[in-house]
Amino acid sequence: MTSQQIRQQFLDFFKSKQHLIVPSAPIVLKDDPTLMFSNSGMTQFKDYFLGYKAPKAPRIADTQKCLRVSGKHNDLDDVGRDTYHHTMFEMLGNWSFGDYFKKEAIEWAWQLLTEVYKIPKENLYVTVFEGDASENLERDTDAYNFWKEYIAEDRILNGNKKDNFWEMGESGPCGPCSEIHVDLRSEEEKAKIPGKDLVNNDHPQVVEIWNLVFMQYNRKADGSLENLPAKHIDTGMGFERLCMALQGKSSNYDTDVFTPLISKVEELSGKNYEGILENEKDIAIRVVVDHIRAVSFTIADGQLPSNGGAGYVIRRILRRAISYSYRFLWMKEPFLYQLVEVLKNQMGEFFPEMVKQSHLVSEVIKEEEQSFLRTIENGLVRLDNIINDTIKKGEKTLPGEQVFELYDTFGFPADLSRIIAEEKQLTVDEQGFEAEMEKQKQRSKKDSAAKVYDWVVLEEKPETFVGYDQTKSETYITRYRKIENKDGEFYQIVLNKTPFYPEGGGQVGDKGILIPSYAPHFDISQPDLYNVKDNPEVIEVLDTKKENNLIISLIKELPKDAGAVFYAKVDARNRRNTQANHSVTHLLHEALREVLGTHVEQKGSYVGPEYLRFDFSHFSKMNEEELAAVEEKVNAKIKENVALQEFRDLPIAEATEKGAMMLFGEKYGDKVRMIQFGTSKELCGGTHVKSTGEIGHFKITSESSTAAGIRRIEAISGDKSAEYFQNLERQLAELSQLLKSKDLSKTVEKLLAENTSMKSEIETLKKEKAQGETASWKNDFVQSGDKNLLVKKVSMDAGSVKDIVFQLKKEIPKSVIVIISYAGDKPMITVGVSADLEAKYHAGNIVKELAKEIQGGGGGNPGFATAGGKNLAGIDAAVEKAKAL
């Protein structure tokens, strides 16, 4: 049975049990501060469990792309070293939202495994939660009694809280669970050790394949448990492990989920995969084929590698794969990107985003490979310097802090440092390395540390967003909680009716004020009279975000009467400029597709009141003509004053028929909101101008690259665009006055010509001066052993010094020349060695040693080298050191 058939049979089975089959949500999460990635099948349904959102159906089934590489669920270090851990994996799941519970979940799981997939019953074991006295949780006797109907009691095992009480994080939905384990060992091995003794003991062939979670609690921030409003079923079956069991394999990597990728790696690397656990070459191949899946699917879902957040995690996974292939497969050139085509052909039927985005994915991976391979090569040079310094000192251990700096600052793999050190009969100071690692972790914790308290619920009532239609509304607080972070103590509040737009879709969250009804002279008909500066009762709203379908506003102080009526007022200027920038991104998207081609797709954006940023797929730098054409098209639409057409609660099928642009990596519901300005149609949840004329003017300020195949435009509109042209006009007026000219072009052209002429004269004078200095410096050489030595400190530019040194090298045999020069506050050391002494003296080594005195660095070849520095005060010390050397 192929992996495609296994996946389809699961979905067909639960469809027959009246489950709605839904597609996988994107791996990257955008409105859940507790998680960066979907780490389980239930993540996309979290709002349903918490009661924040009504489910699409009471029964749902799917296969969900998951990533476990950070936080509580982190499998990264195990990947490649065993047969069943992965970074990205599929989780097959069936869900009940207040519908069926333990009885049906257990019955259907058993039916699917034994009757549809035909796994022998004697190979299965199940576990039930044994209870936990510390939390007053009793043994799950209901699950035990249901299981007794299908499996012998000696195959029903008790499990502790670690294994049989499922939690998705430090807080959130949770509950007891029953795991189903399969014993894939030979009959001879089963006769020696009973399978029940190996359950949950990390045996590679006695593995958990399905977890049935009976979701009935919510873990609060203080660690306590409360009952959820309704009981739910959340099951997760590891697709890769299921394939191993059904295809009769002893390793996930031997199934057809991975074998096409492994075959391609063998072809590209010339190395054969033998499946040996301890073999570094085989570990490297397993790492590569696992990691390419994680990286490819995440990029296809819209998350590019970067230096922060989710993007950093993806870059780290990719670099781990590159490092393993460099060290153990001897792949010194990019090759991982060639695996994307295999993945597309293998997974595209169930995950169309891989088909649509495969070219972009492969280009991004290729550029990341090229960049990191350069990092490795540069790191090898730095490591060589550390090793040489260590050997010179007569030591055998590389300083741990220096190896950590290579890893942390320059991205050089620490494992590679250790391997190369061992080849030189050296070791790494592991204690020093770990101490630096711990310091970094503590710094990161301090930067990101935030304590979030439980919600204080004043009223259990659905919250309403009214910000599309109004920027002011009467309201009251339904819940609040305190949070503490590096910036201090704050409160998050939820309003029953809020005009504040929460950060999302690239648009920043609204700011504004809350005017309490108990404020002096409160008059709801004149809210504009109130502001933060002149009324201490007015509460400033610092930001607005969305978390698990709740719109949360941030304030510094909790009002003295949290249950009062308030008047919520959005910062109108902020909102006006922000929505102008948001609307113009839609016009920009359409213009880019018209000018560059329909391959252009939005890949990210930032929309704030000051400026906008728009990332899009395109594989070359835009030229001036293209940028001008895009600007012209956008401004033409602004001048037309095209009216906004807004379609709320539009069925997604109807939006598709209307031709709305949909972005990969975005999670859309059954009902969507479509924004239309003439021929521009996009699904969007942001706020917009009523007509394009409100935008005023559009100006592109920069165009650049952010990753392979991804370009970025930064631009301004509205007030900022007007300010831009006002500043430009003022600068031109100042220049005209300064140059005493109305025709600036002709005046500047004349100045440039004069400047070129003067530069030529200066260069001639410098050469004449250098010739004079050369003759003078010949008299300053001193005999020192077997060489003629010249050490001088001069105030001269680097170019002139270089010319003199090369001339002296030719004219003075057996010469070593050290010139320490300075122009302004920048010291420079130049070393020259005549050809007849290069075998004995190395200019590059000399300059590296001297550069320490001026806090600089540099290098060169045996005959000539230079180094720049920062410490002008170290020049005299460098002179003395040169003489001593």
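Miscellaneous remarks
- Pairwise centroid distance, computed over Cα atoms, of the stretch 1-58 with the stretch 815-865, Å: 64 Å
- Straight-distance candidates among the lysines for linking to Lys439, with alpha-carbon spacing under 18 Å and chain neighbours fewer than 8 residues away dropped: Lys486.
- Value at 222 nm in deg cm²/dmol, rounded to 500, when DSSP H runs of n ≥ 4 in the chain each add -39,500 (n - 2.57): -12000 deg cm²/dmol
- Among Ile762, Ile493, sorting on how many other beta-carbon atoms sit within 10 Å of each Cβ, with the fewest leading, yields Ile762, Ile493.
- Measuring against 25 Å, Cα to Cα, the residue pairs Lys65/Lys332; Lys15/Lys461; Lys690/Lys720 contain Lys65/Lys332; Lys15/Lys461 as the ones spanning a longer distance.
- Cα gyration tensor shape of the stretch 465-570, rounded if a/c is under 1.5, else prolate or oblate by comparing a/b with b/c: oblate
- Given the choices [x] 0.96; [y] 1.04; [z] 0.98, Rg/Rh (Cα atoms, Kirkwood Rh) derived from the coordinates of this structure is entry [y].
- Lys, Arg +1 and Asp, Glu -1 on Cβ, resulting dipole of the stretch 465-570 about Cα centre, debye, nearest 20: 260 debye
- This ranking places Ser702, Ser306 by how few other beta-carbon atoms lie within 10 Å of each, fewest first, which gives Ser702, Ser306.
- Qualifying GluC sites (Glu not before Pro) for the stretch 1-108 [loop in DSSP, other Cβ within 10 Å: at most 12]: none
- Convex hull volume of the stretch 576-715 per residue (C-alpha atoms, cubic angstrom): 100 Å³
- Among the trypsin sites (Lys or Arg not before Pro) found in the stretch 540-618, those both in a DSSP coil and sparsely packed, with 13 or fewer other Cβ atoms within 10 Å of their Cβ, are Lys556, Lys560.
- When only the Cβ of Lys, Arg, Asp and Glu is charged (+1, +1, -1, -1), the dipole of the chain relative to its Cα centre reaches about 1940 debye.
- Sparsely packed loop sites in the stretch 427-500 (the GluC sites (Glu not before Pro) outside DSSP H, G, I, E and B with at most 10 other Cβ atoms within 10 Å) comprise Glu460.
- Scaling against 2.2 N^0.38 Å puts the C-alpha radius of gyration of the stretch 258-380 at 1.01.
- Nearest-20 debye value, the stretch 3-248 charge dipole, Cβ charges on Lys, Arg, Asp, Glu: 700 debye
- From most to least packed by mean Cβ count within 10 Å, the peptides 317-330, 340-353 give 317-330, 340-353.
Values quoted throughout were computed directly from the atomic coordinates according to the rules given, and no laboratory measurement underlies them. Everything numeric here is computed off the predicted structure, so don't read it as measured data. Cβ: placed from backbone, ideal geometry, glycine included. Neighbour counts: every protein chain shown.
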